[in-house]
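Chemist: Here it is, the structure, as structure tokens.
The values are calculated or read from the model by the stated rules, or taken from the named source; none is laboratory data. Keep in mind that this is a model prediction, so the values were computed, not measured. Heads up, the Cβs are rebuilt from the backbone with ideal geometry, glycines too, and the neighbour counts pull from every protein chain shown. Ligands, DNA and RNA are stripped out before the accessible areas are found, and what is left, the full protein with its side chains, is counted by its heavy atoms. Shrake-Rupley method; radii C 1.70, N 1.55, O 1.52, S 1.80 Å.
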Amino acid sequence: MDLKNLSVFNLANKKMDYLALKQQVTAGNIANANTPGYLPKDVSEPNWGAAFKKPALAMTVTNPRHMANRPGQDTGGIVYTPQPSVSLTMDGNAVVLEDQLNQASKASSEYDKTVTIYNSYKNMLKTANTKISI
């Protein structure tokens, strides 16, 4: 049985992919905290309701230059640079380390919570049907 066909597991996988991308972007922001002119990036929140819709047919790309693959495209989250909400430092950097560390902590705890939910559902399925090999 393929768990990705079940909407709960599909949604959990997409959320974990989104949170991993959010962690990656936040880590990049922290790494560039002292880079002159650097503006922090963020990841847009995907439409989680779309995970319950029927999957659309994937488009065939005959040449890799025809369509640009954006980071986070498969998770629904798009990496973007928001307008700075704080004043820039003298060198033009807008990274606030406390905010970035807070975002990283939130993403990590959300990821852990999603993994716990995923495993709980998986264990319920194993208990309900001992013929499932997961």
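Chemist: Of all residues in region 71-88, how many are closer than 29 Å to N10 by Cα, at pLDDT 75 or above and surrounded by 14 or more Cβ atoms within 10 Å (Cβ to Cβ)?
Modeler: Total meeting the criteria: 2.
Chemist: Select from region 89-103 the residues that are open to solvent by less than 90 Å² (accessible area, probe 1.4 Å) and either hydrophobic (A, V, I, L, M, F, W, C) or part of a loop (DSSP other than H, G, I, E, B) (or both) and list them in ascending order.
Modeler: Just the residues of region 89-103 that are open to solvent by less than 90 Å² (accessible area, probe 1.4 Å), to begin with: 89, 91-97, 99-100, 102-103.
Answer for region 89-103, where residues must be open to solvent by less than 90 Å² (accessible area, probe 1.4 Å) and either hydrophobic (A, V, I, L, M, F, W, C) or part of a loop (DSSP other than H, G, I, E, B) (or both): T89, D91, G92, N93, A94, V95, V96, L97.
Chemist: Which residues, taken from region 84-131, are closer than 19 Å to Q23 by Cα and basic (K, R)?
Modeler: Listed by number, the residues that qualify are K106, K113.
Chemist: Could you please tell me which pairs satisfy a Cβ distance under 6 Å, a separation of 6+ or placement on different chains, a first residue in region 15-28 that is touching a residue at least 40 places away in the same chain (Cβ under 8 Å), and a second residue that is open to solvent by 30 Å² or more (accessible area, probe 1.4 Å) and in a helix (DSSP H, G or I)?
Modeler: Close Cβ pairs (under 6 Å, with a partner that is open to solvent by 30 Å² or more (accessible area, probe 1.4 Å) and in a helix (DSSP H, G or I)) amount to L19/E110; L19/Y111; T26/Q103.
Chemist: In region 6-21, what residues are open to solvent by 30 Å² or more (accessible area, probe 1.4 Å) and in a helix (DSSP H, G or I)? Explain how you work it out, then say what you get.
Modeler: Restricting attention to region 6-21, the residues satisfying the condition of being open to solvent by 30 Å² or more (accessible area, probe 1.4 Å) are 6-8, 10-11, 13-15, 17, 20.
Answer for region 6-21, where residues must be open to solvent by 30 Å² or more (accessible area, probe 1.4 Å) and in a helix (DSSP H, G or I): S7, V8, N10, L11, N13, K14, K15, D17, A20.
Chemist: Something else about it: Would you confirm, using the coordinates I've provided, whether K126 is loosely packed, with under 15 Cβ neighbours inside 10 Å, assigned to a helix (DSSP H, G or I), modelled with pLDDT of 90 or more and out of contact with any His (no Cβ under 7 Å at 6 or more places or on another chain)? Let's see the steps before the verdict.
Modeler: Values: loosely packed, with under 15 Cβ neighbours inside 10 Å: yes; assigned to a helix (DSSP H, G or I): yes; modelled with pLDDT of 90 or more: no; out of contact with any His (no Cβ under 7 Å at 6 or more places or on another chain): yes.
So K126 fails the test.
Chemist: Could you tell me whether region 43-53 includes any residue that is modelled with pLDDT under 60, out of contact with any helix residue (DSSP H, G or I) (no Cβ under 8 Å at 6 or more places or on another chain), loosely packed, with under 15 Cβ neighbours inside 10 Å and outside any helix (DSSP H, G or I)?
Modeler: Initial filter on region 43-53 (modelled with pLDDT under 60): 49-53.
Filter once more, so that each one left must be out of contact with any helix residue (DSSP H, G or I) (no Cβ under 8 Å at 6 or more places or on another chain): 49-50, 53.
Okay, now just the ones that are also loosely packed, with under 15 Cβ neighbours inside 10 Å, so 49-50, 53.
Keeping just the survivors that are outside any helix (DSSP H, G or I) gives 53.
Within region 43-53 (the criterion being modelled with pLDDT under 60, out of contact with any helix residue (DSSP H, G or I) (no Cβ under 8 Å at 6 or more places or on another chain), loosely packed, with under 15 Cβ neighbours inside 10 Å and outside any helix (DSSP H, G or I)), the answer is yes, since at least one residue qualifies.
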